[in-house]
1. Kirkwood hydrodynamic radius of the range 1-113 from all distinct Cα pairs, in Å?
2. With each run of n ≥ 4 DSSP H residues scored as -39500 (n - 2.57), what mean residue ellipticity at 222 nm is computed for the chain after dividing by its residue count and rounding to the nearest 500 deg cm²/dmol?
3. Hey, with R₀ at 35 Å, roughly what FRET efficiency would Ala160 and Tyr48 work out to, going by the Cβ-Cβ distance, to 0.05?
4. How big is the C-alpha Rg of the range 88-229 next to the rule-of-thumb value 2.2 N^0.38 Å, as a ratio?
5. So who's got an amide H within less than 5 Å of the one on Met314, skipping anything under 5 residues away but keeping other chains? H placed 1.01 Å off N, in plane.
6. With +1 on the Cβ of every Lys and Arg and -1 on the Cβ of every Asp and Glu, and nothing else charged, how large is the dipole of the range 185-340 about its Cα centre, in debye rounded to the nearest 20?
7. Quick one: which of 150-162, 302-314 comes out on top by average Cβ neighbours within 10 Å, and what's the full order, highest first?
8. Taking a threshold of 21 Å on the Cα-Cα distance, which of the pairs Lys5/Lys41; Lys71/Lys134; Lys6/Lys54 fall above it?
Amino acid sequence: MITLKKWRNSRFTAGVSYTANRNRSRYDNLDGRIFHQRQDKVYFFAEYFHRFGKWTTTAGMGIQYTDFLFKETSQGNHSWSPRPQATITYSLNQNHNFRLNFTSWQSMPSLAETNIVPQQLDGFQWRVGNQNIKTANSYMLTFRYGFNLPCINGTFGVRAFTSPNAITPLLYWDNDRLITTYENSRGLQNLSLFFAPQVEIIPDWLMVSGYVQFRMERMRGTGYNLHNNAWSGNAELALTHWGFTLTGQYVRAQRDLWGEKISWGEDLNIIDLSYNLKAWQFSAGIIMPFGKYNQGNKLLSKWNRNEQHIHLDMRMPYISISYNLQWGRQKRGAHKLVEVDASADRSSAGGR
């Protein structure tokens, strides 16, 4: 539910959202016993926006209530968590602007993380949830400078993030079993510098754009104190003429430290040639024309150290034909005024 009140230079928004999850599980290793879990969360929020001269400000406060219960044992937990947010923007002129943003959110334990029924993963690994873990808080402060100059525009910024009680896996040995459970860690902190330029080399013909980020991370938990520094980003070159567009793209995935694991998505490159004719688009290209596809993770636990890769010679050609069909009255896109979803978890790399 959302209520909205507008004035000439200001706006007030308030509302509430509710999310419920229910789980019923049957375990063959426990003679077919059935267990039930319940998880509820309610999010109340209010936000005020005001514009004066070259400045705009937004201030908001949300409160999230979370509750979960393991029915068979009547064990569970509940909590109230504040969720403040604020944004200040200053526009020097049409070509330069500055933006400072503070946001916060909560991550409540999942049903799997609170399920206390032992689950066998393989010959010696087991997973057991922890019903004593609390909802985790996260805070992020971001400063951005945006510019628009002849032939080049983009964004430069710095981002600081902390989650002082992040929910992370915890490994330990119990006789001949390696147990994975969960804990409220001693915190994750990271600092990121990012730059996202777009350069028009030859007007209407050749354009280069990209995003580059350097992140420094520290993760602490029971028995470990880990650090990770890594580059990530993407680059794209587009040559356009006579309706044809030739595009080359390279992506280096972000390396994320979470608990005692560093994981990363897809490192890849693509070459694509497309042609637009009225509502039709024809394209052909190849994925991974150079190098090898890479995706994986690295476990750093003193109880389980290993590194996994999907490392392939994956040259994959493709052809695509599409047609854009529109009918009826076209509506303008609605802009979301506030973040009403209480399930927000981790921030992305901050793409443009």
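1. Numbers: mean 1/r = 0.0576 Å⁻¹.
Kirkwood hydrodynamic radius for the range 1-113: 17.4 Å.
2. 0 deg cm²/dmol
3. 0.90
4. 1.52
5. Residues meeting the criterion, in which the H sits 1.01 Å from N, are Tyr293.
6. Numbers: 17 positive and 12 negative charges, 130 e Å.
Its charge dipole is roughly 620 debye.
7. The peptides rank, most packed first, as 150-162, 302-314.
8. Those over the limit are Lys5/Lys41.
Every number here is computed from the coordinates shown, using simple stated rules; none is lab data. Bear in mind the structure is a predicted one, so any value in this text is a computation, not a measurement. In this analysis, Cβ positions are derived from the backbone assuming ideal geometry, glycine residues included, and neighbour counts consider all displayed protein chains.
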